[in-house]
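Chemist: Can you keep this structure in mind? I'll have questions shortly.
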Amino acid sequence: MTAAAIQYLKSPELVVKVQEFFGIEYLKQRKAKIDVGGLSDSNGYDHWPDKCKTTIKSTNGTAKANCEQIDTNDKKESAQDSGGDERYRVNNKFWYYFFLLGTELGDEIFYATFIPLWFWNIDSAVGRRVVMVWSAIMYVGQTLKDVIRWPRPTYPVSRLQKKWALEYGMPSTHAMVSVAIPFSVLIYTYDRYIYSLPFGLAFALVWCAVICFSRIYLGMHTVLDIIAGLVLVVLLMIPLIPIVDKLDYIIVTSRWSPIFVLTISITLIVFYPDSGIWTPTRGDTTLTVSVCAGIEIGAWLHYMLGDFTAPNNPPPYEIIWPSYAMLGMLLLRTVLGLCCIVATRAFGKSISYAFVCFLLGRDKNELRRSENTLENKNKIIVELSYKFYTYGMIGFNTQYLLPTVFKLLRIGRPDFYTEI
């Protein structure tokens with residue numbers, strides 16, 4: 001790919017064209033007047049992040065302060081774009097709500113519902129492998145964001161969403177997840193269940209396209225961010241898919257797995273690369289790693305206690321569509337389980353946050369009100385600790401505790417304990 005092509009795909013003007021194609025009308029344009037160490041843009045476009053990086057290396061501290069001020073102003077403007085901003089008008093409500101829904105397929109709310117629902121009602125063996133792929137992909141993508149440090153689209157793009165504005169943009173982890181989850185489900189279920197491969201492939205492609213276009217439409221990523229995320233996830237999944245398939249079985253059956261899982265997880269969190277400024281990326285990465293660790297330890301405990309038994313018949317299996325009675329059980333498991341997950345999150349966060357603050361000798365309320373900066377080491381330690389504990393427990397409860405409760409209540413899925 002040539003330098004000209006890269007600049008074209010990276011340009012915010014291309015994002016604007018996509019937005020306008022789907023019914024976003026720009027009513028007026030801002031005129032960017034940027035003066036950073038004597039640098040200016042002949043086109044009037046806001047490409048200040050690249051200039052700031054260059055200027056900081058070669059000029060005095062004033063230029064750096066100017067860059068930081070521009071960064072702050074840009075983020076404030078971006079946060080205001082989705083409400084009451086007269087810079088754009090949504091002419092097509094269908095695409096607006098469609099892409100808002102689509103982008104949620106890569107959000108915490110989706111993970112918190114999809115993963116438990118899959119484990120409790122479909123197949124936990126496939127679920128463990130999908131979660132491991134998801135966690136690895138997210139870790140690599142989030143790490144690269146804080147290493148590459150490319151900003152999200154700025155002028156003349158209007159951001160239609162406030163979330164993730166503080167994170168860097170390259171590569172798009174939404175794009176990576178849009179491939180990782182549906183295609184890993186497709187790969188791990190194809191030899192396990194009998195269904196139409198073309199239908200599954202079409203579903204995965206549509207899923208991927210909806211998420212990717214939603215990120216451009218909402219002004220959160222450039223086209224280059226999306227392409228880079230898609231290419232990267234394909235390259236990562238080629239070795240990951242077979243490795244994860246074997247690794248999951250080893251983790252579930254090996255006696256010393258919890259030590260290995262916890263050591264690797266904590267190491268990945270502690271040695272996460274420093275981005276130079278505070279972003280929520282590290283905390284989000286801790287979430288994915290801890291959920292995976294909790295799920296794997298839960299499966300290991302099932303195996304060690306003798307709960308898991310080999311299935312009577314080898315795969316592939318016919319898909320059994322649920323009857324009314326099965327749907328009732330499914331609904332009961334899902335509602336009861338999700339209520340317990342919400343309670344686990346609230347209780348785990350409160351207890352772990354207070355405990356770590358006590359160990360550090362800091363007042364928890366004062367620490368919550370303190371600034372989010374890299375210099376605020378205590379807040380970083382507390383955030384990472386409570387997220388690791390809380391979401392690790394959520395993963396553990398999803399795989400071990402709640403299925404055990406379902407079994408005691410006689411509402412469990414009968415084949416759950418054959419899924420090694």
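The values are calculated or read from the model by the stated rules, or taken from the named source; none is laboratory data. Bear in mind that the values here come from a model prediction, so they are computed numbers and not experimental data. With ideal geometry, Cβ positions are generated from the backbone for all residues, glycine too; neighbour counts draw on all protein chains shown.
Chemist: For segment 158-181, state whether one or more residues are under 19 Å from residue 117 (Cα atoms), more than 12 Å from the chain's Cα centre (by Cα) and surrounded by fewer than 22 Cβ atoms within 10 Å (Cβ to Cβ).
Modeler: The first filter runs over segment 158-181 and keeps only residues under 19 Å from residue 117 (Cα atoms), leaving 177-178, 180-181.
With more than 12 Å from the chain's Cα centre (by Cα) added as a condition, the list becomes none.
Checking segment 158-181: not a single residue is under 19 Å from residue 117 (Cα atoms), more than 12 Å from the chain's Cα centre (by Cα) and surrounded by fewer than 22 Cβ atoms within 10 Å (Cβ to Cβ).
Chemist: Moving to a separate point now. Among the numbered criteria (1) more than 22 Å from the chain's Cα centre (by Cα); (2) surrounded by 12 or more Cβ atoms within 10 Å (Cβ to Cβ); (3) closer than 25 Å to residue 111 by Cα, which one does residue 307 miss?
Modeler: All conditions pass for residue 307, except number (3).
Chemist: Is it fair to say residue 336 is out of contact with any helix residue (DSSP H, G or I) (no Cβ under 7 Å at 6 or more places or on another chain) and assigned by TED's automatic domain parsing to the domain that holds residue 123? Steps first, answer last, please.
Modeler: On the way: out of contact with any helix residue (DSSP H, G or I) (no Cβ under 7 Å at 6 or more places or on another chain): yes; assigned by TED's automatic domain parsing to the domain that holds residue 123: yes.
Answer is yes for this residue.
Chemist: Given the criteria over 14 Å from the mean Cα position of the chain (by Cα) and surrounded by fewer than 18 Cβ atoms within 10 Å (Cβ to Cβ), does residue 196 qualify? Full working, then the answer.
Modeler: Values: over 14 Å from the mean Cα position of the chain (by Cα): yes; surrounded by fewer than 18 Cβ atoms within 10 Å (Cβ to Cβ): yes.
Considered against the rule, which asks whether it is over 14 Å from the mean Cα position of the chain (by Cα) and surrounded by fewer than 18 Cβ atoms within 10 Å (Cβ to Cβ), residue 196 comes out as yes.
Chemist: Let me ask something additional. What are the residue pairs meeting all of these: first residue in segment 91-114, first residue free of Cβ contacts under 8 Å to residues at least 40 places away in the same chain, second residue among the aromatic types (Phe, Trp, Tyr) and surrounded by 14 or more Cβ atoms within 10 Å (Cβ to Cβ), Cβ atoms under 6 Å, and 6 or more apart or on different chains?
Modeler: From segment 91-114, the pairs are 104/110.
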